[in-house]
């Protein structure tokens, strides 16, 4: 990094607090309160964290600690795969499909969790008309381990 590069204007803790506020209250970025950093600074840092995989690493490490606290091994030996339908609204447009088995309009979401219920992988936002099977067979073939102990969903 160059010596004349711009320095950080807001502490990372304040940016993280701003991100937590947006997630907790479900507000738009631009309506953040004035006692937090500006919305564009929080948004930009959140995008950096997402791109670097910080949150996935955090979830993996937290899952390992929780498993060790429960007297289990750090890495799960079994996974449970399930799917559900997220209800849609008229504004969903072409994203939403129809699940004939459940008689619901919405998007399909697949999850893989360990035996304690901790998230291993997620694959979601599928239109129900895009060929997702009722038994979740589509996601079963797409979960793989890219690095030791970190299952991910591809696609």
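The values are calculated or read from the model by the stated rules, or taken from the named source; none is laboratory data. Computed from a predicted structure; not experimentally measured. Quick reminder, even Gly has a Cβ in these numbers, built from the backbone with ideal geometry, and neighbours come from all protein chains shown.
With the structure loaded, tell me whether residue 17 is under 22 Å from the mean Cα position of the chain (by Cα) and either at negative phi or assigned to a helix (DSSP H, G or I) (or both) or whether it fails that test. Spell out how you get there, then give the answer.
Values: under 22 Å from the mean Cα position of the chain (by Cα): yes; either at negative phi or assigned to a helix (DSSP H, G or I) (or both): yes.
Here the answer is yes, as residue 17 does meet what is asked.
Would you mind finding the one in 66, 62 that is surrounded by 12 or more Cβ atoms within 10 Å (Cβ to Cβ), at pLDDT 65 or above and under 30 Å from residue 10 (Cα atoms)?
62
Taking first residues from the stretch 1-26 that are surrounded by 12 or more Cβ atoms within 10 Å (Cβ to Cβ) and partners that are assigned to a helix (DSSP H, G or I), the Cβ contacts under 6 Å between residues at least 6 apart in sequence or on separate chains come to 10/41; 15/42; 15/45; 18/42; 19/42; 19/46.
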